[in-house]
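Below you'll find the structure I mean.
The values are calculated or read from the model by the stated rules, or taken from the named source; none is laboratory data. This is a predicted model, so every value here is computed, not measured. Heads up, the Cβs are rebuilt from the backbone with ideal geometry, glycines too, and the neighbour counts pull from every protein chain shown.
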Amino acid sequence: MDEKIDIEKILNHWKSTSEKDSQTMMLLHDAKDYSWSLFIGHIVLESLLKASVVKEIQNHAPYTHDLTKLAKLSKLDFTENHLDSLDTISTFNLNAR
């Protein structure tokens, strides 16, 4: 028997996570800890994109840190320039890990 998932609860999780992480990102930026600020910025973008994916597919977002993949799955209208930027951010942060 398939268990029905609470889409609204999942969306709220990703949105609240991104809000908290965004505050942390700004605190790190203000403290001039730019590497960590960028890293947390990736997590903020990832959370927001996962919320968009959940809304689009009405299911859990895939377990991935690839911002470009998430952007495409979200079906939002990204330009190639935006997708290139997301790819750069993903590459930077995955290499930093």
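If you take the residues in the stretch 1-48 that are of a type in the set (Lys, Arg) and assigned to a helix (DSSP H, G or I), which one is surrounded by the most Cβ atoms within 10 Å (Cβ to Cβ)? Full working, then the answer.
Taking the stretch 1-48 first, the residues of a type in the set (Lys, Arg) are 4, 9, 15, 20, 32.
From what's left, assigned to a helix (DSSP H, G or I): 9, 15, 20.
Values: Lys9: 8, Lys15: 14, Lys20: 12.
Per the criteria, the residue is Lys15.
To continue, here is another question. For the stretch 38-72, how many residues are more than 14 Å from His13 (Cα to Cα) and free of Cβ contacts under 8 Å to residues at least 24 places away in the same chain?
The number of residues fulfilling the criteria is 10.
Of the numbered conditions (1) part of a helix (DSSP H, G or I); (2) modelled with pLDDT under 95, His65 satisfies every one except a single condition; which is it?
For His65, the exception is condition (1).
Could you please find all residues in the stretch 39-88 being under 9 Å from the mean Cα position of the chain (by Cα) and among the basic types (Lys, Arg)?
Hit for the stretch 39-88 is Lys50, nothing else.
In the stretch 49-97, which residues are over 27 Å from Ile7 (Cα atoms), surrounded by 13 or more Cβ atoms within 10 Å (Cβ to Cβ) and of a type in the set (D, E, K, R)?
Scanning the stretch 49-97 gives a single hit, Asp87.
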